[in-house]
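Participant: Before anything else, here's the structure in question.
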Amino acid sequence: MAKIGVFVCHCGENIAAKVDCTKLKAAMESHPGVSIATEYKYFCSDPGQESIKKAIVEQGLTGVIVAACSPRMHEATFRKACAAAGLNPYLCEIANIREQCSWVHSDGDEATEKAIEITRSLVEKVKRNNELQPILVPVTKRALVIGGGIAGIQAALDIANAGGEVVLVEREASLGGHMAQLSETFPTLDCSQCIMTPRMVEAAQHPNIRLLTYAEIEKVEGFIGNFHVRVKMKARYVDMQACTGCGDCIQKCPQKKISGEFDCGLANRPAIYTPFAQAVPNKPVIDSRHCTYFKNGKCKVCVKVCQTNAINFDMQDEYLDLEIGAIVVATGFQIQDTSLYGEYGYGRYPDVVTGLQFERLASASGPTGGRIARPSDGKEPETVVFIQCAGSRDPSKGVSYCSKICCMYTAKHAMLYAHKNHHGTSRVFYMDIRAAGKGYDEFTRRAIEEDGAGYIRGRVSKLWQENGKLMVRGVDTLLGKPVEVPADMVVLATAMVPQPDAKEFAKTLGIGCDEYGFFNEAHMKLRPVETATAGIFLAGACQSPKDIPDSVAQASAAASKVLALFSREKLEREPIIAMNNEATCSGCWGCVLACPYNAIEKKDITDRAGNLIRRVASVNPGLCQGCGTCVTFCRSNSIDLAGFTEKQIFAAVMGL
Amino acid sequence: MSEVFEPKIVAFVCTYCTYAGADLAGTSRLKYPSNVRIVRLPCTGRISPMFILKALQKGADGVLVSGCHPGDCHFDHGNYHARRRWTVFNSLLQFAGVPEERVKFSWISAAEGIKFAELIREITEDIRKIGPFEEYHKLIAETGSAAPL
C-alpha cells in the first residue's frame, strides 16, 4: 500500500500569493494513497528539508511529492534529502506549481485548480516509481584540450601539473593562438611573446602532455568519463622525428610570395614554413595549396637541401583514436571581416588596418621589427585615427554584443604609438569607454592624460583618400559638431567573432552554441565553464569575447572541473536508462534503429549446450542516455525507460 | 452571454527544451491561460501516440506535443523520430476525423519562453472555438471503454 507524503511549499509568497496552498494540501490529504500532506514557507530551507526527512521516517513513506518550483531547480536538493532519510531518491518527484502555475496565471482559483491537478498527476506517477540505483561507470583519466592558445595551454598545464594526462590538440602548425600575435598586453604592457612563449615550451615539454599540432577533431562519441575521440593528423609533409628545425628548407623555398596568416597579410611566407620564428614545435609544414611541387610536380628544392631527409611528399592525413575522460574546448575566436564596412575603406586603402594588424606592426617580432609603419609606403604615420566598435555593438550590420577587449587595446595602441613616435598625433573615435577590470580604467586615463590620445565621442560615417591623406569624417557628439581628421593611418577595432566553423563544431561535440556561434555554458552565472553535456568544459573566447586574464581564469576553472572528475575512480550516473524484457523481446531491432547512441546490442540467448535459441536486444547501461526513443519504437512493449515507464506516464495522465 | 468554454489541454514535452522554455515563461512572469497541464518526459522521442490517445480518452479536449527544434535535440535525433511518428499518427487522426486543432505539434527551445506563452494562448483559443471533444467522449461512454485509473 502506497504511503505518499505531499509537501506543499509556499516559496515565500511566490506560490502562496496565487495558489491556495491550504486548499491544495486538503485536496491531497483526501487523495487515495496519500498519508500525509503538509505546507511550509520554504521546504528547500534546512528546517524544511528536516521536516520532510522526519515525515519519511515517522510515517514510513513510500514516496514523496514536493509541490514547489521547477524540478530543474530543486529536484536534486529534495532527492538528496530523501536519500538522507533512507528513502530511495528516485521515489521523490517535484510538482512544478511555481514556474508553470503561480507565476504564469493571474486568477487564483484557476491556479489552485491547476496546482491540484499537477500535484495529483505526480502523486499517481510516484506511486508507480521504482527504486533505482545509480549506475557506476569507470573514468578514463585522460583529458583532451582542444585549442592551443593561451586558454588551452593554461588548462593543459593545470591538469598536467596536478598529475593528469592531457592530449593537447591544435589545428595550426604551432601553439600560441592569437596571444602569440600580440605586441604588448594591457594593462601592464608586458611583451606578449615574453610571457607566452615560455608557456608554449612548458606545455610542449611537459611529460604529462601529448601535443598534437596541425591536427583537428574529426569525431567525438561516448559520454563523460568515456569519450572516444578521433583526431585527424593533417599531413605536414615533414617527418617530425627526422626534422631538426634547422630552417634551410624555409630559406631556400622558391615560392616566397604567399600572404602570411600569422602577420595578417602584412608579410609573405614561403610554401614550407613555420607560422612564426618562435613556433612550438619549431618544425615546418608544407602548404600543399601553394607548393610548386604539389601544383606542377616539379621543384623539390626542400628535398635537396634537407640534410636529414625529413621531407616526404607522399605523407597522407592520419587518424588517431583516443580514449578520453573529459574535454576542455578552447577553440578561441576570429576577428570579423571588416570589409563589410565599406565606409571605413578596409581592403580599399592599404593604410586602413585592423587592430590585429596593428599588433603585428607594433610587435618586435613583426614584419617591421616593431616600427609602426604604413603598409603602403613604409613611412611612419604622423596622425593615426582609431575607430572603435568597428563591428561590435552594431545590430544592423555587425554584431550586437560588445567585444569587450577593444576599448583596452585601442588605448594600448594609442600608447604604443605615442611611445614609438613622440611627435605623432592619435585620435580615437569611441562610443563609450568600457574599461572595467583591475587597473583598466587607470590605463585608459594614462593613454589620454600622459600619452596624449585625443578621444572623440562619436561614430565615423565616411573615410576617403585626398592628397595622400586618409580623410576621416565623423561626429563629435559632445560638441554636437561634425569633425574631419586627416590621417596617415586608420586602425579599426574589429569585432571578435566565433571561429567560422564553430556552429558545426558544436554539433561534432554535442554541445550548444548561441546565435553567433559562441559555445553555451550550462548556467550563465553558476556553471560558467561547464556545458550542458557532462564532461565537456569551456575555456576562453570560444564561449564569449574575453581578454587574457579572463581566458586564463576560465581555463584554470575548467581544469579544476576536470581534476574534480578525475579524482574519482567511478562516476555515478542517473539510472534513467532503458531496460529490456528479454522474455518478450522478439528481436525486431526497431530499437537499434531508433537509438541515437548505438547503446543497444544484439545478445545471443543459448541453451545449456550452447546452441543459439534466439537473439534479443540488450541495453548497454554505460552508453544509454535515457531518451526513451526505443521504448516508443518497441513493437512488443519489451523495452521500458526507468523513471519514465509506460505505467508511470499513463498514471500521470490519468491523474490529471 | 454564455460562459466561456475552458478546455482541458494536456501537453507532452521534453525536459531539455520545451519544459525549460515553459520554466522561462514562468521566470519571465508571462501570463497565459491555465488550461494546459504539462507531462514532462526526457525527450519527444519517448512520446508514444498511446499517450495522446490516453489523454483524449481521459477527457482532454486537446493535446500538445512539443520538443527541441530539429537539430537541437539533447539526445541528438530523438525529435526526428518524434516528428516522423507524429506525421504518420496525424494522418491517422485526420482519417479518423479528429479535427486538426485538437492535436498540435511544435518546437520550442529553452530560450523561447515568449513563444511558449503565445502558443498556449493560441491553442487554447483554437480549442475554445471548436468546443469540447464531445464526439470522442460520447464514443467512450457508448463503448464503455472509459479508462480506469
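Participant: Nearest 10 degrees, 0 to 90: what angle lies between the long axis of helix A:46-59 and the longest principal axis of chain A (Cα atoms)?
Facilitator: 30 degrees
Participant: Still on this structure: Given the Cα atoms of the stretch A:248-305, and with Rh set as the inverse mean 1/r over their pairs in the Kirkwood sense, what is Rg to Rh to two decimals? Intermediate results must be reported in sequence, preceding the final value.
Facilitator: Numbers: Rg = 11.1 Å, Rh = 11.6 Å.
When Rh is taken as the Kirkwood radius, the ratio is 0.95.
Participant: Could you give the length gained by full extension between A:Thr38 and A:Asn312, i.e. 0.36 nm per residue of separation minus their alpha carbon distance, to one decimal place? Write down the numbers at each step before the final one.
Facilitator: Working: separation 274, 0.36 × 274 = 98.64 nm, distance 7.72 nm.
So the extension gain works out to 90.9 nm.
Participant: When you have a sec, figure out the Kirkwood radius of the stretch A:4-127 from all distinct Cα pair distances and drop it here in Å to one decimal? Numbers along the way, then the final one.
Facilitator: Values: mean 1/r = 0.0725 Å⁻¹.
Across the stretch A:4-127, the inverse of the average 1/r is 13.8 Å.
Participant: Now a separate question. Once the other residues with Cβ under 12 Å from the Cβ of A:Met489 are scored (Lys, Arg +1; Asp, Glu -1), what is the net sum?
Facilitator: In short, -1.
Participant: Return the Cα extents of chain B along principal axes one, two and three, sorted largest first, each rounded to a whole Å.
Facilitator: In descending order, the Cα extents are 43, 38, 28 Å.
Participant: Which whole number gives the average count of other chain Cβ atoms within 10 Å of the Cβ atoms across peptide B:63-73? All intermediate terms of the calculation are to be shown ahead of the outcome.
Facilitator: Details: counts 1, 0, 0, 0, 0, 0, 0, 0, 1, 2, 3.
For this peptide, the per-residue mean of nearby foreign Cβ atoms is 1.
Participant: Based solely on its DSSP helices, what 222 nm [θ] is calculated for chain B when runs of n ≥ 4 H residues each add -39,500 (n - 2.57) and the sum is averaged over all residues, nearest 500 deg cm²/dmol? Let's see the in-between values first.
Facilitator: Details: 5 runs with 67 residues, N = 149.
Theoretical 222 nm ellipticity from helices: -14500 deg cm²/dmol.
Participant: Between A:Thr632, A:Leu470, A:Ile56, whose Cα lies farthest towards the positive end of the dipole of the protein assembly as shown when Lys and Arg beta carbons carry +1 and Asp and Glu beta carbons carry -1, centred on the Cα centre?
Facilitator: Sorting the options by dipole projection puts first A:Thr632.
Participant: Turning to a different aspect of this structure: So how do A:Tyr346, A:Tyr319 line up by other beta-carbon neighbours within 10 Å, fewest first? Walk me through the numbers before you get to the answer.
Facilitator: Details: A:Tyr346 23, A:Tyr319 12.
Fewest-to-most ranking of A:Tyr346, A:Tyr319: A:Tyr319, A:Tyr346.
Participant: Separate question: Restricting to chain A, compute how many DSSP beta bridges are antiparallel as a %, nearest 5. Display every interim value, and only then the final one.
Facilitator: Values: 55 of 107 bridges.
Expressed as a percentage, antiparallel bridges in chain A total about 50.
Participant: Shifting gears a bit: Taking the Cα atoms only, what angle lies between the long axis of helix A:108-127 and the longest principal axis of chain A, rounded to 10 degrees?
Facilitator: 80 degrees
Participant: Using a Förster distance of 25 angstrom, determine the FRET efficiency expected from the C-beta separation of A:Glu50 and A:Thr22, and round it to 0.05.
Facilitator: On the way: r = 22 Å, r/R0 = 0.87.
It comes to 0.70.
Participant: Under the rule of -39500 (n - 2.57) per DSSP H run of 4 or more residues, summed and divided by the residues of chain A, what mean residue ellipticity at 222 nm is obtained, to the nearest 500 deg cm²/dmol? Walk me through the numbers on the way to the answer.
Facilitator: Values: 17 runs with 178 residues, N = 656.
Rounded to the nearest 500, the figure is -8000 deg cm²/dmol.
Participant: I've got another one for you. Among the GluC sites (Glu not before Pro) in the stretch A:424-533, which ones are in a DSSP loop with at most 12 other Cβ atoms within 10 Å of the Cβ? Mind listing them?
Facilitator: The qualifying sites are A:Glu450, A:Glu515.
Participant: Within a 10 angstrom radius of each residue's Cβ in B:12-24, how many Cβ atoms of other chains show up on average? Whole number is fine.
Facilitator: Numbers: counts 2, 0, 2, 3, 4, 0, 0, 6, 3, 0, 5, 10, 2.
Taking the mean over all residues of the peptide, I get 3.
Participant: Tell me which residues come under 5 Å, amide H to amide H, from A:Ala453 once H is placed; ignore anything under 5 positions away on its chain.
Facilitator: A:Ile448
Participant: Considering only DSSP states other than H, G, I, E and B, which GluC sites (Glu not before Pro) in the stretch A:343-406 qualify as loop sites with at most 11 other Cβ atoms within 10 Å? Show your work: numbers first, answer last.
Facilitator: Details: sites: A:Glu343, A:Glu359, A:Glu382; in loops: A:Glu382.
Taking the stretch A:343-406 and a limit of 11 other Cβ atoms within 10 Å, no loop GluC sites (Glu not before Pro) are found.
Participant: A further question follows. Just to be sure I understand the model, the point goes 7 Å from the Cα along the line to the Cβ. What's the resulting B:Ile140 to B:Thr87 distance in nm?
Facilitator: 3.0 nm
Participant: May I ask you to sort A:Thr292, A:Thr213 by Cβ crowding, counting other Cβ atoms within 10 Å and putting the fewest first? Don't skip to the end; give the middle numbers.
Facilitator: Details: A:Thr292 15, A:Thr213 25.
By the 10 Å Cβ count, ascending: A:Thr292, A:Thr213.
Participant: Given a Förster distance of 35 angstrom, what is the FRET efficiency for A:Lys438 paired with A:Asp394, based on the Cβ-Cβ distance and rounded to 0.05? Each step should come with its number before you reach the end.
Facilitator: Values: r = 28 Å, r/R0 = 0.81.
The formula returns an efficiency of 0.80 here.
Participant: If you place +1 on the Cβ of every Lys and Arg, -1 on the Cβ of every Asp and Glu, and leave all else neutral, what size is the dipole of chain A about its Cα centre, to the nearest 20 Debye? Walk me through the numbers before you get to the answer.
Facilitator: On the way: 73 positive and 72 negative charges, 222 e Å.
Once rounded to the nearest 20, the dipole reads 1060 debye.
Participant: What residues of the stretch A:411-433 lie in the reach of a label at A:Glu450, counting those whose backbone N is under 16 Å from a point 7 Å from the Cα along Cα→Cβ?
Facilitator: A:411-422
Participant: Just to be sure I understand the curve: with the Debye formula and one point per C-alpha of chain A, what is log10 I(q)/I(0) at q = 0.07, 0.12 Å⁻¹?
Facilitator: So the normalised log intensities work out to -0.64, -1.22.
Participant: On alpha carbon coordinates alone, what is the Rg over Rh value for the stretch A:335-497, Rh being the Kirkwood radius? It would help to have the intermediate numbers written out before the result.
Facilitator: Numbers: Rg = 14.6 Å, Rh = 15.7 Å.
Expressed as Rg/Rh, it is 0.93.
Participant: Give, in nm to one decimal, the length gained when the segment between A:Glu29 and A:Cys246 is fully stretched (0.36 nm per residue of separation minus the Cα-Cα distance).
Facilitator: Working: separation 217, 0.36 × 217 = 78.12 nm, distance 8.36 nm.
The A:Glu29-A:Cys246 span can extend by a further 69.8 nm.
Participant: Mind sorting B:Ser34, B:Ser106, A:Ser567 by how few other Cβ atoms lie within 10 Å of their own Cβ, fewest first? Please list the in-between numbers first.
Facilitator: Values: B:Ser34 23, B:Ser106 18, A:Ser567 11.
By the 10 Å Cβ count, ascending, the order reads A:Ser567, B:Ser106, B:Ser34.
Participant: Determine, from the Cβ-Cβ distance of A:Glu574 and A:Val483 and an R0 of 60 Å, the FRET efficiency 1/(1 + (r/R0)^6), rounded to the nearest 0.05. Write out the running numbers ahead of the final one.
Facilitator: Values: r = 62 Å, r/R0 = 1.03.
My answer for the efficiency is 0.45.
Participant: Also: Cα axis of helix A:150-161 to longest principal axis of chain A: angle in degrees, 0 to 90, nearest 10?
Facilitator: Its long axis makes an angle of about 60 degrees.
Where a number appears in this text, it was derived from the coordinates with a stated rule and is not lab data. Nothing here was measured: the structure is a model prediction, and the numbers come from that model. Quick reminder, even Gly has a Cβ in these numbers, built from the backbone with ideal geometry, and neighbours come from all protein chains shown.
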